[in-house]
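Asker: Below: one structure in structure tokens.
The values are calculated or read from the model by the stated rules, or taken from the named source; none is laboratory data. Note that the structure is predicted; figures quoted are calculated from it, not measured. A quick note on method: Cβ atoms are made from the backbone with ideal geometry, for glycine too, and the neighbour counts reach across all protein chains shown. Ligands, DNA and RNA are stripped out before the accessible areas are found, and what is left, the full protein with its side chains, is counted by its heavy atoms. Shrake-Rupley method; radii C 1.70, N 1.55, O 1.52, S 1.80 Å.
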Amino acid sequence: MTINKEMFSLAGKKAWVTGGSRGIGKTLALTLAAFGADVAVVDILREEAETAAAEIRACGVDSFAVTADVTVEADVDAMAEAIRSRWGRVDIALNNAGVVCQVPAVDMSYADWKRVVDINLNGVFLTARAAGRMMISGGGGSIVNTASMSAWVVNHPQPQCSYNASKAGVVQLTKSLAVEWAPHNIRVNCISPGYIRTELTAQVRQDWQDDWIRQSVMKRLGVPEDLAGIVVYLASDASPFTTGSDFIVDGGFTCV
Ligand code: NAP
């Protein structure tokens, strides 16, 4: 293996990003494109996904939007088929779609609990399984799942037990798939962001957001761009011995 900057190139690679129409997913889709990958933007939001795909094409790579609900098996199968018919394969799968529900456990409806687990954990399973199937026949690839620092700490003051539990599930699912698929040259890792400024966090009460900054080591929230470097590393040939790992990118939040 030659050590040079080409290790980080994604030129010619084919990628999908779920939840790619905005927030962390959109920034990471643009990041993969900036390093040369063709990127399919997968999202439940049709128009936003089309807009993101157009922005990605402006980077000089191929991109298209796929409308899919990651909790619907038929949607995920159709997404994989759309990508297979356009590119023949997928090399990088960033399974990132997720939602949060901040309600005390005693008041949380079972429907709300199931919705969060369905999108955050079952959706990652369905999309990772689709990627695994394509990558096994294609000779390998890199899967990156979006977990959260909430897999490791209980955030406060906001109550969000379904989110925390679902993200802990993503970490252990990631490790399990890494072991199952290592013989197929598929690496499976996850990233665990700390608080990142997106539409997801913008909807949270301002006094809670202020509290997060007070608790933080760097005295700021993150921005999606703070996650770009780790995703390029994991998606690229710079990380051939990295699998089954979780990368916490939280500005030191969970250190204290
Ligand atoms: P975001 O701005 O809300 O973006 C998430 C995207 O996923 C939205 O476009 C959303 O569409 C889409 N989505 C939701 N449910 C979907 C489904 N069933 N099928 C397909 N797409 C769906 O959120 P974000 O902050 O970028 O978060 C991205 C990921 O990072 C999530 O997994 C989140 O848990 C994780 N994360 C975020 C933070 C943070 O502080 N922001 C921290 C740690 C981890 P809708 O708007 O229609 O729901």
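Asker: Any residue at all in the range 181-204 that is farther than 30 Å from V256 by Cβ and hydroxyl-bearing (S, T, Y)?
Answerer: No, there is no match, as no residue in the range 181-204 is farther than 30 Å from V256 by Cβ and hydroxyl-bearing (S, T, Y).
Asker: Would you check if R22 is open to solvent by 60 Å² or more (accessible area, probe 1.4 Å) and either more than 13 Å from the ligand (Cβ to nearest atom) or touching a residue at least 24 places away in the same chain (Cβ under 8 Å) (or both)?
Answerer: So R22 passes the test.
Asker: Across the range 59-83, which residue is most open to solvent (accessible area, probe 1.4 Å) among those that are of a type in the set (S, T, N, Q) and outside any loop (DSSP other than H, G, I, E, B)?
Answerer: Among residues in the range 59-83 that are of a type in the set (S, T, N, Q) and outside any loop (DSSP other than H, G, I, E, B), the one most open to solvent (accessible area, probe 1.4 Å) is T67.
Asker: Does L200 qualify as being in contact with a Gly (Cβ under 7 Å, 6 or more places away or on another chain), within 11 Å of the ligand (Cβ to nearest atom) and either in a strand (DSSP E or B) or aliphatic (A, V, I, L, M) (or both)?
Answerer: yes
Asker: State the number of residues belonging to the range 206-239 that are assigned to a loop (DSSP other than H, G, I, E, B), open to solvent by 60 Å² or more (accessible area, probe 1.4 Å) and either touching a residue at least 12 places away in the same chain (Cβ under 8 Å) or under 30 Å from I92 (Cα atoms) (or both).
Answerer: 4
Asker: Something else now. Could you list, in sequence order, all residues of the range 1-53 that are touching a helix residue (DSSP H, G or I) at 6+ places or on another chain (Cβ under 6 Å) and hydroxyl-bearing (S, T, Y)?
Answerer: Answer for the range 1-53, where residues must be touching a helix residue (DSSP H, G or I) at 6+ places or on another chain (Cβ under 6 Å) and hydroxyl-bearing (S, T, Y): T18, S21, T27, T31.
Yes or no, residue by residue, for (1) over 17 Å from I248 (Cβ atoms); (2) part of a loop (DSSP other than H, G, I, E, B):
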site: V154; (1), (2): no, yes
site: N164; (1), (2): no, no
site: K175; (1), (2): no, no
site: V179; (1), (2): yes, no
site: N189; (1), (2): no, no
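Asker: Hey, any hits in the range 139-148 for a residue that's surrounded by 18 or more Cβ atoms within 10 Å (Cβ to Cβ) and part of a helix (DSSP H, G or I)?
Answerer: No, the range 139-148 has no match at all.
Condition check ((1) β-branched (V, I, T); (2) at positive phi) across all residues:
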site: A178; (1), (2): no, no
site: H184; (1), (2): no, no
site: I191; (1), (2): yes, no
site: G194; (1), (2): no, no
site: E199; (1), (2): no, no
site: G222; (1), (2): no, no
site: A235; (1), (2): no, no
site: P240; (1), (2): no, no
site: G251; (1), (2): no, yes
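Asker: Of the residues S176, S162, only one is under 19 Å from the mean Cα position of the chain (by Cα), modelled with pLDDT of 95 or more and within 13 Å of the ligand (Cβ to nearest atom); which?
Answerer: S162
Asker: In the range 36-58, how many residues are away from the ligand (no atom under 12 Å from the Cβ), hydrophobic (A, V, I, L, M, F, W, C) and either surrounded by 19 or more Cβ atoms within 10 Å (Cβ to Cβ) or assigned to a helix (DSSP H, G or I) (or both)?
Answerer: 6
Asker: Another question about this same structure. If the Cβ limit is 8 Å and pairs must be 6+ apart or interchain, which residue in the range 185-205 that is polar (S, T, N, Q) and open to solvent by 30 Å² or more (accessible area, probe 1.4 Å) pairs with which residue that is modelled with pLDDT of 95 or more and assigned to a strand (DSSP E or B)?
Answerer: Qualifying pairs under 8 Å: N185/G141.
Asker: Looking at this structure, is V170 within 12 Å of the ligand (Cβ to nearest atom) and over 13 Å from the mean Cα position of the chain (by Cα)?
Answerer: no
Asker: Something else about it: Tell me, please, whether a residue that is more than 9 Å from the ligand (Cβ to nearest atom), among the hydroxyl-bearing types (S, T, Y) and buried (at least 16 other Cβ atoms within 10 Å of the Cβ) can be found in the range 26-34.
Answerer: Within the range 26-34, one or more residues are more than 9 Å from the ligand (Cβ to nearest atom), among the hydroxyl-bearing types (S, T, Y) and buried (at least 16 other Cβ atoms within 10 Å of the Cβ).
Asker: Of the residues that sit in the range 84-107 and are open to solvent by less than 30 Å² (accessible area, probe 1.4 Å) and of a type in the set (S, T, N, Q), which one is nearest to the ligand (Cβ to nearest atom)?
Answerer: Filtering first and then ranking leaves N96.
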